[in-house]
Amino acid sequence: MNIKKVAVLGAGAVGSYVIWGLSNNKNITLGVVADGERNERLKTQGLMINGTKYTPQVWTPEEAHNVDLLIVSLKYGSLRGALQDIQTSVGENTTVMSLINGVDSEEII
């Protein structure tokens, strides 16, 4: 599989670590999936990670549709509320990687 477009759903501590790690990879397009007010805030303010401002692309789930890799890094309690966003973001060939703790998070996704 050739991964060119990567989306991160959940830009908290774990998601920010992923964004930090992938930000300098020039072989991929990296974005954060967010809706509504969070989408606007991320677009205007970016993310502060270890004192450095990061401004990844910010996509609605519809804009992220059919990404090559979707990294889900939400808190477990937010997972069920994000299932529609996950479903909207993935396409036929999307690989989903869950970084959520919890025994059944992969089954739920």
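Here are a few things to note about the model shown:
- Kirkwood hydrodynamic radius over Cα pairs of the chain, then Stokes diffusion coefficient at 25 °C and 0.890 mPa s, in µm²/s: 177
- With every protein chain in place, the chain: carbon and sulfur % of accessible area (1.4 Å): 48
- Radius 15 Å from Cβ of LYS53, net charge of other residues (Lys, Arg +1; Asp, Glu -1): +2
- Partner aspartates and glutamates whose Cα lies under 13 Å from the Cα of LYS4, excluding those fewer than 8 positions away in the same chain, are identified as ASP68.
- Rounded to the nearest 10 square angstrom, MET97 shows an accessible area of 80 square angstrom against a 1.4 Å probe.
- For the range 1-71, with +1 on Lys and Arg beta carbons and -1 on Asp and Glu, the positive-most of ILE28, TRP59, GLY12 along the dipole: ILE28
- R0 of 25 Å, Cβ-Cβ distance ASN24-ASN2: FRET efficiency to nearest 0.05: 0.85
The values are calculated or read from the model by the stated rules, or taken from the named source; none is laboratory data. Model, not experiment: these values are computed from the prediction. Glycine gets a Cβ as well: all are built from the backbone with ideal geometry, and neighbour counts include every protein chain shown. When the accessible area is computed, the model is the full protein with side chains, heavy atoms only, and any ligands, DNA or RNA have been set aside. Shrake-Rupley method; radii C 1.70, N 1.55, O 1.52, S 1.80 Å.
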